[in-house]
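J.: Below is the structure I would like to discuss, written out as structure tokens.
The values are calculated or read from the model by the stated rules, or taken from the named source; none is laboratory data. Note that the coordinates shown come from a computational prediction; the quantities given were computed from them, not determined experimentally. Every residue, glycine as well, gets a Cβ built from its backbone with ideal geometry; the counts of neighbours run over all protein chains shown.
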Amino acid sequence: MLGVQMSETKKIDVNSLYAVLLREAENDSVQEIDPKLYNNIAEFLGNLKNQDYDGVDSKIKDSLVKIITEITSLLLKIRIEKAKNSIELDYSNLLDEERFILDSEDELRLRKDTILSATLSGRLKLLETVARNHRSRSVVVRFLKPIDQIVGTDLHTYGPFEAEDVATLPFENAGALIGKKIAVKISWED
């Protein structure tokens with residue numbers, strides 16, 4: 001049947017993944033877990049999704065994918081919420097992937113504090129600089145449809161592009177193409 005091989009030394013199945021989730025939910029602090037857990041789950045799901053099954057095996061595969069997806073989503077949510085809500089953030093039991101998420105939370109807080117501080121202290125130049133830099137930033141997009149060459153808001157020419165091409169475009173141009181469903185925004189992690 002469909003076994004879940006998570007690492008060379010450790011075999012995990014839905015029950016053991018559920019046990020990790022249950023242990024996390026029953027404790028107030030972030031629990032220590034296998035540092036490769038998310039990598040192992042990603043590898044397993046990737047392999048499982050690439051396998052063709054017929055009939056009942058196909059339904060079992062789809063159910064297994066759904067269950068593991070739900071358990072993993074809940075586990076990540078619980079761990080991040082516990083870390084965010086703790087009085088003093090203890091990174092010791094957080095995995096690198098979870099630290100990546102929390103770093104973005106810190107960046108969000110810092111940006112919010114910067115805008116609020118600049119606004120309340122009348123630092124108009126800082127607000128103008130932030131707005132100008134934000135408008136002039138680039139965005140990475142993947143094209144869904146072919147498109148002819150375009151002139152960017154930075155007056156550089158881009159393209160032509162075919163479906164599935166990836167390009168870095170000025171923010172406003174990318175936004176317009178995304179709005180017209182010609183392209184989708186991607187991040188370097190994708």
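J.: Can you name every residue in the range 30-53 that is outside any helix (DSSP H, G or I) and modelled with pLDDT of 90 or more? Before the answer, list the steps.
T.: Of the range 30-53, the ones outside any helix (DSSP H, G or I) are 30-36, 50-53.
Within the range 30-53, Val30, Gln31, Glu32, Ile33, Asp34, Pro35, Lys36 qualify.
J.: Taking Ser92, is it among the hydroxyl-bearing types (Ser, Thr, Tyr) and closer than 17 Å to Ile33 by Cβ?
T.: When the stated conditions are applied, Ser92 passes them.
J.: Additional query: Scan Thr129, Thr114, Thr72 and give me the residue that is in a helix (DSSP H, G or I) and modelled with pLDDT of 95 or more.
T.: Numbers: Thr129 fails: modelled with pLDDT of 95 or more; Thr114 fails: modelled with pLDDT of 95 or more.
Residue meeting the stated conditions: Thr72.
J.: Which one of the conditions (1) over 26 Å from the mean Cα position of the chain (by Cα); (2) basic (Lys, Arg); (3) within 30 Å of Val30 (Cβ to Cβ) does Lys112 fail to meet, given that it meets all the rest?
T.: Just one mismatch for Lys112, condition (1).
J.: Sticking with this structure for a sec: Could you tell me how many of the residues in the range 38-49 are surrounded by 15 or more Cβ atoms within 10 Å (Cβ to Cβ) and out of contact with any Asp or Glu (no Cβ under 9 Å at 6 or more places or on another chain)?
T.: Filtering the range 38-49 for residues surrounded by 15 or more Cβ atoms within 10 Å (Cβ to Cβ) gives 38-41, 44-45, 48.
Subsequent filtering for residues that are out of contact with any Asp or Glu (no Cβ under 9 Å at 6 or more places or on another chain) retains 41, 44-45, 48.
So the count comes out to 4.
J.: Among the residues of the range 126-149, is any in contact with a helix residue (DSSP H, G or I) (Cβ under 6 Å, 6 or more places away or on another chain), assigned by TED's automatic domain parsing to the domain that holds Phe100 and of a type in the set (Gly, Ala, Ser)?
T.: The answer is no; no qualifying residue exists.
J.: I've got another one for you. Quick one: Ile150 ticks every box in (1) out of contact with any Asp or Glu (no Cβ under 9 Å at 6 or more places or on another chain); (2) among the hydrophobic types (A, V, I, L, M, F, W, C); (3) touching a residue at least 12 places away in the same chain (Cβ under 8 Å); (4) under 19 Å from Glu32 (Cα atoms) except a single one, so which number is it?
T.: Among (1) out of contact with any Asp or Glu (no Cβ under 9 Å at 6 or more places or on another chain); (2) among the hydrophobic types (A, V, I, L, M, F, W, C); (3) touching a residue at least 12 places away in the same chain (Cβ under 8 Å); (4) under 19 Å from Glu32 (Cα atoms), the lone unmet condition for Ile150 is (4).
J.: Another question, if that's okay. Quickly run through the range 61-79 and pick out the residues that are surrounded by fewer than 17 Cβ atoms within 10 Å (Cβ to Cβ) and free of Cβ contacts under 8 Å to residues at least 40 places away in the same chain.
T.: Asp62, Ser63, Val65, Lys66, Thr69, Glu70, Ser73, Lys77
J.: For the range 75-99, which positions are at pLDDT 90 or above and within 28 Å of His134 (Cβ to Cβ)?
T.: Of everything in the range 75-99, those that are at pLDDT 90 or above and within 28 Å of His134 (Cβ to Cβ) turn out to be Ile80, Glu97, Glu98, Arg99.
J.: Moving to a separate point now. Can you report the number of residues in the range 133-164 which are surrounded by 15 or more Cβ atoms within 10 Å (Cβ to Cβ) and either modelled with pLDDT of 95 or more or part of a strand (DSSP E or B) (or both)?
T.: 10
J.: What number of residues within the range 78-102 are outside any loop (DSSP other than H, G, I, E, B), among the aliphatic types (A, V, I, L, M) and either more than 21 Å from Ala19 (Cβ to Cβ) or not assigned by TED's automatic domain parsing to the domain that holds Tyr18 (or both)?
T.: Step one: list which residues in the range 78-102 are outside any loop (DSSP other than H, G, I, E, B), which gives 78-85, 96-102.
Filter once more, keeping what is among the aliphatic types (A, V, I, L, M): 78, 80, 83, 101-102.
If we keep only those that are either more than 21 Å from Ala19 (Cβ to Cβ) or not assigned by TED's automatic domain parsing to the domain that holds Tyr18 (or both) as well, we get 101-102.
So the count comes out to 2.
J.: Suppose the filter is of a type in the set (Lys, Arg) and free of Cβ contacts under 8 Å to residues at least 40 places away in the same chain; does Arg132 pass it?
T.: Numbers: of a type in the set (Lys, Arg): yes; free of Cβ contacts under 8 Å to residues at least 40 places away in the same chain: yes.
When the stated conditions are applied, Arg132 passes them.
J.: Report whether or not Leu169 is more than 27 Å from Leu17 (Cα to Cα), part of a helix (DSSP H, G or I) and not assigned by TED's automatic domain parsing to the domain that holds Glu32.
T.: On the way: more than 27 Å from Leu17 (Cα to Cα): yes; part of a helix (DSSP H, G or I): no; not assigned by TED's automatic domain parsing to the domain that holds Glu32: yes.
No.
J.: What do you reckon, is Ser104 free of Cβ contacts under 8 Å to residues at least 40 places away in the same chain and exposed (fewer than 14 other Cβ atoms within 10 Å of the Cβ)?
T.: Details: free of Cβ contacts under 8 Å to residues at least 40 places away in the same chain: yes; exposed (fewer than 14 other Cβ atoms within 10 Å of the Cβ): yes.
Yes, satisfied.
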